[in-house]
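The values are calculated or read from the model by the stated rules, or taken from the named source; none is laboratory data. Note that the coordinates shown come from a computational prediction; the quantities given were computed from them, not determined experimentally. Virtual Cβ from ideal backbone geometry, glycine too; neighbours counted across all protein chains shown. In case anyone asks, the SASA skips ligands and DNA or RNA and just uses the protein heavy atoms, side chains included. Shrake-Rupley method; radii C 1.70, N 1.55, O 1.52, S 1.80 Å.
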Amino acid sequence: MNKYRDFDNYLKEYPNEEGYFGKYGGTYLDDPELIKAFKEYADGYNTIAQSSRFIAELRHIRKNFQGRPTPTYHCQRLSDKLGMTQIYVKREDLNHTGAHKLNHCMGEGLLAKYMGKKKLIAETGAGQHGVALATAAAYFGMECDIYMGEVDIKKQAPNVARMKLLGARVIPVSFGAKTLKEAVDAAFMAYRKEYKDAIYCIGTAAGPHPFPLMVRDFQKVVGDEAREQFIEQTGHLPDKVCSAVGGGSNSIGTFIPFIADPVELIGVEPGGRGDKLGDHAATICHGEEGVMHGFNSIMLADESGEPAPVYSNASGLDYPSVGPEHAMLNDKGRVNYVKVSDKEAIEALFMLSRYEGIIPAIESSHALAYAIKLAREVGKPESILVTLSGRGDKDLDYVIEHYGYGTK
């Protein structure tokens, strides 16, 4: 029996009408105003997503503004260095603004336009989502408020400058750990007050329904393109597809087009500096079921069941939960979730820079690091497709300060 056939009708089956992927997902809100806002959001998306006019405008934006399709590139020199395994990268770093985030931000901005909204509200960690949303706001002529933890503001100064240059208001978040989780909290609170005129654009495939569905749909372009490009270049499917997982937007967009194919799917979580709670953000590897930010999924929790402190050198991955679709795919055994340490990710960043002339984001370097690890271990010819979710410009100051320029 072909186990992959169980996924032939996957997109029709998941999520269900209530936004559940198996037991994960849904809408867990106790605020009547937020319930009303998310219902409006879900109804608007489900209506507009079927509109040929909406789809045609989104395709126009992707081609003529974003510069899609982005290429899939064979890392020949890196592959030769590692052995027989051939590594390919889907270059979302060449998407306008330098990461995959613009794929769903332009979709959400277009949805806001169709719904008659005037402002876009969001959180950001690494800053790529904030830059992308600020770009969408400028494109559609809307106001934009970006909530960002003070810790991340210091780490990601170049992206903060880009957001401000694009006309967005960057609002520092100074409570709690002052990172991504708190930025989401602050953005939620702001959205509750302004939902009549604004739309909340979450930065990943998590949150209450319809966010996991909507972000997946907008990000699926990554995997659709990569699958077609890989077959065109090689004549076959890759053996493995590897992508970094924080909340899970670039990875779910990569995985879904391969979901019914005989391909091993690997989600790479941030292992940080160790297995102790607070030293990593490897949610699926170490977490448990729980509700956070309005949805049920796997989360890292402390002894009282509250979201635990998390850590990663990649600001875009330090989130104590994960998208509900990832949680379900883990339960089903369709995606293998692993972890990579800070040190391994930085080594991969230096290797891709030196051997291929491509400086990846630290987030993307986690997926690349696991592909490199596999290439060193496998003693037979294989092909691995890695989603290079973003470029490393935003991380240069941080990398040089903490790791120098690497070794030759």
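When you scan the range 293-312, how many residues do you find that are modelled with pLDDT of 95 or more and either among the acidic types (Asp, Glu) or farther than 13 Å from Leu277 by Cα (or both)?
4
For the range 169-187, name all the residues that are open to solvent by 10 Å² or more (accessible area, probe 1.4 Å) and farther than 22 Å from Gly248 by Cα.
Within the range 169-187, Arg169, Val170, Ile171, Pro172, Ser174, Phe175, Gly176 qualify.
Could you tell me whether any residue of the range 100-112 is open to solvent by less than 10 Å² (accessible area, probe 1.4 Å), assigned to a strand (DSSP E or B) and in contact with a strand residue (DSSP E or B) (Cβ under 9 Å, 6 or more places away or on another chain)?
no
Under the condition of being at pLDDT below 90 and among the aromatic types (Phe, Trp, Tyr), which residue from the range 15-41 is farthest from Gly290 (Cα to Cα)?
Within the range 15-41, the match that is farthest from Gly290 (Cα to Cα) is Tyr41.
Name every residue in the range 324-353 that is open to solvent by 10 Å² or more (accessible area, probe 1.4 Å) and part of a strand (DSSP E or B), in order of residue number.
Those that are open to solvent by 10 Å² or more (accessible area, probe 1.4 Å) and part of a strand (DSSP E or B): Asn336, Tyr337, Val338, Lys339, Ser341.
Of Ala157, Ala190, which residue is out of contact with any Phe, Trp or Tyr (no Cβ under 6 Å at 6 or more places or on another chain), surrounded by fewer than 18 Cβ atoms within 10 Å (Cβ to Cβ) and not aromatic (Phe, Trp, Tyr)?
Ala157
Gly125: open to solvent by less than 40 Å² (accessible area, probe 1.4 Å), among the small types (Gly, Ala, Ser) and in contact with a strand residue (DSSP E or B) (Cβ under 7 Å, 6 or more places away or on another chain), yes or no?
Here the answer is no, as Gly125 does not meet what is asked.
Give Tyr20, Tyr88 a once-over and let me know the one that is among the hydroxyl-bearing types (Ser, Thr, Tyr) and closer than 30 Å to Ile146 by Cα. Break it down into steps so the answer makes sense when it comes.
On the way: Tyr88 fails: closer than 30 Å to Ile146 by Cα.
Step by step, each of Tyr20, Tyr88 is checked, and only Tyr20 is among the hydroxyl-bearing types (Ser, Thr, Tyr) and closer than 30 Å to Ile146 by Cα.
Starting from residues that are outside any loop (DSSP other than H, G, I, E, B), touching a residue at least 24 places away in the same chain (Cβ under 8 Å) and open to solvent by 30 Å² or more (accessible area, probe 1.4 Å), keep the ones in the range 357-397 and report whichever is farthest from Asp224 (Cα to Cα).
Restricting to residues being outside any loop (DSSP other than H, G, I, E, B), touching a residue at least 24 places away in the same chain (Cβ under 8 Å) and open to solvent by 30 Å² or more (accessible area, probe 1.4 Å), the top hit is Asp397.
Which of the residues belonging to the range 194-240 are surrounded by fewer than 20 Cβ atoms within 10 Å (Cβ to Cβ), part of a helix (DSSP H, G or I) and without any contact (Cβ under 8 Å) to a residue 40 or more places away in the chain?
Lys220, Asp224, Glu228, Ile231, Glu232
Would you point out the residue of the range 359-408, among those that are among the hydrophobic types (A, V, I, L, M, F, W, C) and out of contact with any strand residue (DSSP E or B) (no Cβ under 7 Å at 6 or more places or on another chain), that is nearest to His129 (Cα to Cα)?
Kept after step one, since they are among the hydrophobic types (A, V, I, L, M, F, W, C), are these residues of the range 359-408: 359, 361-362, 367-369, 371-372, 374-375, 378, 384-386, 388, 396, 399-400.
If we keep only those that are out of contact with any strand residue (DSSP E or B) (no Cβ under 7 Å at 6 or more places or on another chain) too, we end up with 362, 372, 378, 396, 399-400.
On the way: Ile362: 15, Ile372: 27, Val378: 35, Leu396: 18, Val399: 20, Ile400: 23 Å.
Going through the qualifying residues, I end up with Ile362.
For the condition of a type in the set (Phe, Trp, Tyr) and either without any contact (Cβ under 8 Å) to a residue 40 or more places away in the chain or not in a helix (DSSP H, G or I) (or both), what is the one hit in Tyr45, Tyr41, Tyr28?
Only one candidate passes the filter, namely Tyr28.
Conditions tested, residue by residue: (1) of a type in the set (S, T, N, Q); (2) modelled with pLDDT under 95; (3) touching a Pro at 6+ places or on another chain (Cβ under 7 Å); (4) over 15 Å from Ser383 (Cα atoms).
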position: Arg216; (1), (2), (3), (4): no, no, no, yes
position: Glu225; (1), (2), (3), (4): no, no, yes, yes
position: Ile231; (1), (2), (3), (4): no, no, no, no
position: Val245; (1), (2), (3), (4): no, no, no, yes
position: Thr283; (1), (2), (3), (4): yes, no, yes, yes
position: Val291; (1), (2), (3), (4): no, no, no, yes
